[in-house]
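A short worksheet on the structure shown next.
All of the numbers you see were taken from the coordinates with simple rules; none came from a lab. Predicted model, so just to flag it, every value in this text is computed and none were measured. Backbone-built Cβ (ideal geometry, glycine too); neighbour counts: all protein chains shown.
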Amino acid sequence: MLNLSVAGVLEKSQLASDGVWLLLVEVALPDSAEPLRLVRNNEDIIWNGDTWTAFNFKLGEITEDNKGKPQAIPLQVSNITQIVQGYVEENNGLTGTTVTLRVVHSQHLDNTLPEVEEIFTVQSTSCESKWVTFFLGSDISTQLRFPFRRVLKNFCAWRDQYKGIECGYAGSLPACDGTLQSCRNRGNSVRYGGEPSIPEGGLYA
């Protein structure tokens with residue numbers, strides 16, 4: 001099960017929403033301090049202080065060979081403008097380059113942690129008139145950041161972000177002590193950032 005943030009869980013549970021889930025692709029470029037940052041969207045976005053350029057791309061399915069070994073995952077990026085092909089040609093196909101995939105929600109771009117983050121390495125690349133295809137090594141997918149935060153039984157993870165997007169409390173009471181009871185006193189326990197179901201002494205990181 002994916003460990004979504006409180007904001008993510010609430011968005012996922014809604015029957016209708018004004019926002020959308022956005023897939024971000026970050027491609028590290030050799031000899032460059034700035035990676036290539038793309039978002040599958042109809043307009044650019046700013047997330048984590050960086051501009052992500054609206055671009056057409058699609059991620060293929062994860063498949064296995066006849067021995068059950070995961071195959072390379074195809075990431076197809078539009079080549080209509082040939083911008084990406086230029087990077088590929090200048091950097092030996094970008095083979096061995098790190099590609100990071102993230103999922104964020106358009107209504108919560110102030111949330112600095114993505115809902116999902118997974119890291120791959122480019123195994124090979126092919127270019128044609130419509131698409132540049134990166135074949136991503138699935139053996140690196142063990143670098144999936146899960147969970148994103150330390151989870152405690154009786155301590156709210158949002159205590160330092162009181163009244164922030166994760167906490168969501170909008171009342172007039174002063175900062176709480178991070179306990180479930182304090183959250184209940186504020187009528188805000190649905191957003192409690194701890195995990196009361198964890199056994200006594202339990203800690204997950």
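Which FRET efficiency value, to the nearest 0.05, do you get for Lys130 and Gln161 by plugging their Cβ-Cβ distance into 1/(1 + (r/R0)^6) with R0 = 35 Å?
Values: r = 44 Å, r/R0 = 1.25.
With a Förster radius of 35 Å, E is 0.20.
With label points built 7 Å along Cα→Cβ from the Cα atoms of Leu59 and Leu113, find their separation and express it in nm.
If labels sit at Leu59 and Leu113, their model points lie 1.9 nm apart.
What list of ³J(HN,Hα) values in whole Hz, one per residue of segment 22-30 in order, does the Karplus curve 6.51 cos²θ - 1.76 cosθ + 1.60 (θ = phi - 60°) give from phi, with Gly and Pro shown as x?
10, 9, 10, 10, 10, 10, 5, 10, x
Taking the alpha-carbon centroid of each part, what is the distance from segment 20-87 to segment 98-137 in angstrom?
4 Å
Taking amide hydrogens as modeled 1.01 Å from N in the peptide plane, which residues meet the under 5 Å criterion relative to Trp47, leaving out close sequence neighbours?
Here the answer is Trp52, since their amide H atoms fall under 5 Å of that of Trp47.
What is the set of long-range amide H partners of Leu136 at a cut-off below 5 Å, with H atoms built 1.01 Å from backbone N?
Ile73, Leu75, Gln123
With r as the distance between the Cβ atoms of Ile46 and Val190 and R0 = 25 Å, compute the FRET efficiency 1/(1 + (r/R0)^6) and round to 0.05.
Values: r = 29 Å, r/R0 = 1.17.
For R0 = 25 Å, the calculated efficiency reads 0.30.
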